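Accompanying notes for the structure given below.
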Amino acid sequence: MRHHRRRTDAPGTPPPLTPHGREWTLQCDDLSILVRESTRRKTVELTVERDGQLLLLTPAGAPEERLRQLVESRRAWVYEKLELKRVQYRPTRTREYVPGEGFWYAGKTYRLKLAEGENLPALCLKGGWFQLRRDQQDKGRAAFLAWYTQHLREWLDDQLQHHTPRLKVRPQSVLVQDLGYRWGSCGRNHRLHFHWRVALLPRRIAEYVLMHELAHLDHPNHGPEFWARLETLLPDYQDRKTWLAQHGADYDL
């Protein structure tokens, strides 16, 4: 049985024009794929967007049968990516800055206490407890962000000193900030950026994030040479990568 295109517009009308081509919806059994044609493209690319939308970027006028064959050949990959997106971006519980609440650091949970004293730091980890100064309770999130950022910077500095002899190219700078859904990035001029949430992860997983970005110093793209380089830096990177995809969303404020 021949499959037909299912478009988002009314039957009998052409798909809407975009600046470089047309957009329409390709239905392959249970998969709905947004096809975005472009006169500038030479190749076909299938991606899974952050919100789970399947997007097929194609040259203008690419044969529908060719697109279906591509989707079918990558169906298992699509299902895997959709499941990872579902796990990665599931809703997380909002924490409250009250006594007894648990907060992550280096893969472990520590309960919160409120401390009295103007000379105390806004937040510290002492005796197995996070201690938040009482007058900072309404600024709890800011206190934790500052604390996580500082301690992740210190950990990254120590790790870079340890791994420097193994590096072919050294980073020019290392920054800790909010990167949205990314754990890390390697920018131009070899500048490394890490999400403050890396501080919450188990150390062996944080090490994977670091090594992943260090491998990008030699190979900007995720090609075979990149993965080979990462394997020399971290032979069991695949296990850590899988763990992060499955559990990383749990580590947040």
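What you get for segment 23-88, charging only the Cβ of Lys and Arg (+1) and of Asp and Glu (-1), is a dipole of about 300 debye around the Cα centre. If you take the beta carbon distance between HIS222 and GLU101 as r and set R0 to 25 Å, what does 1/(1 + (r/R0)^6) give as a FRET efficiency, to the nearest 0.05? With a Förster radius of 25 Å, E is 0.10. Hull volume per residue, based on the alpha-carbon atoms of the chain and their convex hull, is 183 Å³. Extent of segment 106-193 along its three principal axes (Cα atoms, max minus min coordinate, largest first): 49, 26, 24 Å. Bridgeable lysines around LYS241 (alpha carbons under 28 Å apart, same-chain partners fewer than 8 residues away excluded): LYS81, LYS85, LYS108, LYS168.
About the centre of its Cα atoms, the chain shows a dipole size close to 300 debye [charges on the beta carbon of Lys, Arg (+1) and Asp, Glu (-1) only; nearest 20 debye]. Which is farthest toward the positive dipole end of the chain among HIS247, THR43, ALA106, measuring Cα position about the Cα centre, with Cβ charges +1 (Lys, Arg) and -1 (Asp, Glu)? Towards the positive end, the residue furthest out is THR43.
Pairwise Cα distances in segment 114-253 exceed 24 Å for 36 percent of all pairs. For segment 109-253, the Cβ-based charge dipole about the Cα centre amounts to some 100 debye (Lys, Arg positive; Asp, Glu negative; other atoms uncharged). When the GluC sites (Glu not before Pro) in segment 109-177 are filtered for DSSP coil states and for at most 16 other beta-carbon atoms within 10 Å of their beta-carbon, the remaining sites are GLU116, GLU118.
We did not get these values from a lab; they are worked out from the coordinates using the rules stated. Everything quoted here is computed from the prediction, not taken from an experiment. Counting neighbours? That spans all protein chains shown, and the Cβs are built from the backbone with ideal geometry, glycine included.
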